[in-house]
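Asker: Let me give you the structure first, and then I'll get to my questions.
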Amino acid sequence: MTKLLVIETSPRGDYSISRNMTSRFVAEWRAAHPSGEVVIRDLMATELPFVTAPWLQAYFTPSGQHSPDMKNALRLSDLLVGELLATDHIVIATPVYNDNIPAVLKAWVDHIVSKGLTLGFDGKGLVTGKKAAVLIASGSVYTEDSPIRDRDIAPQYLRLLLSVIGITGVTFVAGGGAKVVDLREQTMDEFLATLRPAIDRAAAA
């Protein structure tokens with residue numbers, strides 16, 4: 001059975017453009033994979049801690065030497081890694097804050113880049129044979145002719161980190177200029193209509 005892992009990051013619920021992009025993606029993915037399974041990991045509903053000293057101590061201690069406290073410190077990381085390894089296709093939906101990803105998504109990255117599980121001790125990625133799509137909603141526009149093109153950090157960072165763990169087939173859908181919805185210059189449906197062809201292609205890839 002084909003499995004899709006959905007990573008949601010926006011705190012805005014139904015008002016979130018990235019979450020609405022995800023809804024379209026998942027609908028198209030289900031149409032292409034009628035017997036597939038969709039797993040939702042909503043980072044806003046997950047008590048996802050940032051890296052701490054106890055976590056680092058557990059991370060750098062061989063698993064055979066883990067104390068109960070160390071196992072507990074890594075419990076959520078192990079769960080998130082397990083979700084990633086068990087999927088065939090991953091979609092990450094995220095807003096852009098100050099030209100980069102939100103802190104909660106960076107925290108997820110820190111938890112799933114795991115030596116011996118997603119990253120080999122030789123530095124090679126272990127998460128191979130999987131596809132990924134990244135749906136990005138941003139108030140700014142980062143097209144090639146944009147005067148702020150050099151600030152387009154979020155996709156560069158996510159492409160790099162996904163490739164580090166072995167996922168190289170990544171499709172990006174950029175929802176730039178999304179502030180028109182907040183400014184009520186366009187409705188949510190009108191804005192999403194411009195993105196639907198790209199979202200549908202990403203879901204069918």
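Any read-out appearing in this document is the output of simple, stated calculations on the displayed coordinates, not a laboratory observation. In this text, all values refer to a predicted model and were calculated from it rather than measured experimentally. Cβ placement follows ideal geometry from the backbone for every residue including glycine, while neighbour counts extend to all protein chains displayed.
Asker: At 7 Å along Cα-to-Cβ for each site, give me the label-to-label distance between LEU160 and VAL180 in nm.
Answerer: In this crude spin-label approximation the distance works out to 3.1 nm.
Asker: Over 28 Å apart: what share of the alpha carbon pairs of region 55-205 falls there, rounded to a whole percent?
Answerer: Details: 3453 of 11325 pairs.
Summing the P(r) of region 55-205 above 28 Å gives 30 percent of all pairs.
Asker: Give me the one-decimal nm value for the distance between modelled label points at TYR15 and SER67, 7 Å along each residue's Cα-to-Cβ direction.
Answerer: 4.5
Asker: Sticking with this structure for a sec: In region 3-204, if the dipole is taken from +1 on Lys/Arg beta carbons and -1 on Asp/Glu beta carbons about the Cα centre, which of SER114, HIS66, ALA133 is farthest to the positive end?
Answerer: About the Cα centre, the residue reaching furthest to the positive side is HIS66.
Asker: Continuing with this model, one more query. Could you work out which residue, out of SER18, SER140, SER63, moves most in a Gaussian network model of the chain, that is, has the largest mean-square fluctuation with Cα springs under 10 Å?
Answerer: SER63
Asker: Which FRET efficiency value, to the nearest 0.05, do you get for THR143 and SER23 by plugging their Cβ-Cβ distance into 1/(1 + (r/R0)^6) with R0 = 25 Å?
Answerer: Efficiency computed from Cβ-Cβ geometry: 0.50.
Asker: Suppose every K and R has +1 on its Cβ and every D and E has -1 on its Cβ; what is the size of the dipole of region 3-204 about the Cα centre, in Debye to the nearest 20?
Answerer: 340
Asker: Can I ask one more? In deg cm²/dmol and to the nearest 500, what is the mean residue ellipticity at 222 nm of the chain if only DSSP H runs of at least 4 residues count, each as -39500 (n - 2.57), divided by the residue total?
Answerer: Here the helix-only value at 222 nm equals -12000 deg cm²/dmol.
Asker: Can you pull the one-decimal nm distance between simple spin-label points at LEU79 and ARG196, each 7 Å off the Cα toward Cβ?
Answerer: The two pseudo-label positions are separated by 3.7 nm.
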